[in-house]
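The values are calculated or read from the model by the stated rules, or taken from the named source; none is laboratory data. Predicted model only: the values in this text are computed from it and were never measured. Using ideal geometry, Cβ is built from the backbone for each residue, glycine included, and neighbour counts are taken over all protein chains shown. We work out accessible area using only protein heavy atoms, side chains counted, and drop any ligands, DNA or RNA first. Shrake-Rupley method; radii C 1.70, N 1.55, O 1.52, S 1.80 Å.
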Amino acid sequence: MKLLEKKTEEHQVHLRVEVDEADVRKAEDKAYQRLVNKIEVPGFRKGKTPRDILERRIGKEAIFDEAMEEYLPQACMSLVKENDIPVYSRPQVKIEQKTPLIFEAVIPLPPDVVLGDLSDIKMKPEPVDIKDEEVDKVIERLRKQCATWEDAGRPAQMFDMMVIDVASQAEEKPFINETASNYQLLPDMSYPAPGFVNQMVGAQPGDEKEFDLSLPETYSDKTLAGNTVHFKVKVNTVKQEKLPELDEAFAKMLSPEFKNIEAVRTTIKNDLTAREKERKRAVFEDKVVDALVEGSKIEFPPLLVEMEIDRMVRQYANRLRRSVKTDEEFKSIISMTNEEKLRESYKPRAAQQVKRSLVIAKLAEQESLTASDDEVKEQIEAFASAAGEKKDEQRQKLSTEESKEGLREWIISRKAVNLLVEKAQAE
């Protein structure tokens, strides 16, 4: 290897390196040996496919890419050792050209962090005060969950439930045709067409209604957008919601342990208080850590921000995948995502998160905070227990050396944050 350029800026070492052709060939030979034992080619036993046949099947580029996947990280680490570079995290390597092979490496150096004076940080978390109105809202939701439906004995009103038969067509094409369909009258309901709810208000069992409604230009089916729909509706039943009374029977319905409605209110208030305390504690922690960031001097390689953005993008993709039902839907949405804009939007938050992590780590180092093996085991058990039926699977997953080391760092970070919070609240 020939070092063409070396420069240091913004806590990063930039290397530009030319690789000997002989080293590239050796790397490709090793890549061929790995691939030939993985890929089956008709007419040849696995591991016995000649190089030229394999290249025709998968392409020379595939062998080159396989070679570089192993060679470049190794070459980069060799350069780190030869040049005595104190690498802080995984270097970023990219190929500049293939013939001759020239690659660039960006190597993050250890950040410089000088903590501000902790005694300057003085603040208190916001008090938690759960109002009776908040408890009432939860109780109303529970009443609705336990509600029953009974014949209204009157014309339909908003929020009633109807059973209807619907026949309709849009410009002589079948639109919606259903029998014995449950339909609740809700003010913001736009299904099956805007205005349908209003047409149903005032209807009674046995009524037959016929009317026209227009579909909006933004209707999901573009072939029907803007069309007029002719509806024929027969009303079978009209039911009204009956909420349970706020009495002992309702309390027992929620849990046999509740003796009366006051016990329900007390439990709800305690739960809301605990959740709000946890939320405000998290907000307060962020404020305290941000205050330390503000008062500290922090210099770090920009590559750390890019790595944090990478993590955020992965989280976004994972959240999106969980929110959709099919791979096709996921691929459709992700293909419409402008990754460049997404990354740019994450940048300020990513930079702040890097700063937070660095000051917390520095505080832990300054205070000589540690996490014992027993503390790591206790945390594994806590996380495993929270996994319910999958606790054994979770315990096994967390018991690898890599996971335990990650938990150790997490425990130390939590200790550092707790220490900072205590000092901030001290008189």
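General remarks:
- Within region 304-316, residues that are more than 13 Å from P348 (Cα to Cα) have Cβ atoms under 9 Å from residues that are assigned to a helix (DSSP H, G or I) and among the hydroxyl-bearing types (S, T, Y) in these pairs: V313/Y346; Y316/Y346, counting only partners at least 6 apart in sequence or on another chain.
- Residue count for region 344-366 satisfying the condition of being surrounded by 14 or more Cβ atoms within 10 Å (Cβ to Cβ) and either touching a residue at least 60 places away in the same chain (Cβ under 8 Å) or not polar (S, T, N, Q) (or both): 15.
- Once region 219-250 is narrowed to residues that are surrounded by 17 or more Cβ atoms within 10 Å (Cβ to Cβ) and β-branched (V, I, T), the residue that is nearest to P155 (Cα to Cα) is V238.
- Taking helices (runs of 4 or more DSSP H) as the structural unit, those lying wholly within region 1-85 and holding at least 1 residues that are touching a residue at least 40 places away in the same chain (Cβ under 8 Å) and of a type in the set (S, T, Y) correspond to 60-82.
- Strands (runs of 3 or more DSSP E) contained entirely in region 109-195, each with at least 2 residues that are aliphatic (A, V, I, L, M): 112-114, 161-170
- Region 91-108: number of residues that are open to solvent by 30 Å² or more (accessible area, probe 1.4 Å), in contact (Cβ under 8 Å) with a residue 40 or more places away in the chain and under 30 Å from the mean Cα position of the chain (by Cα): 1
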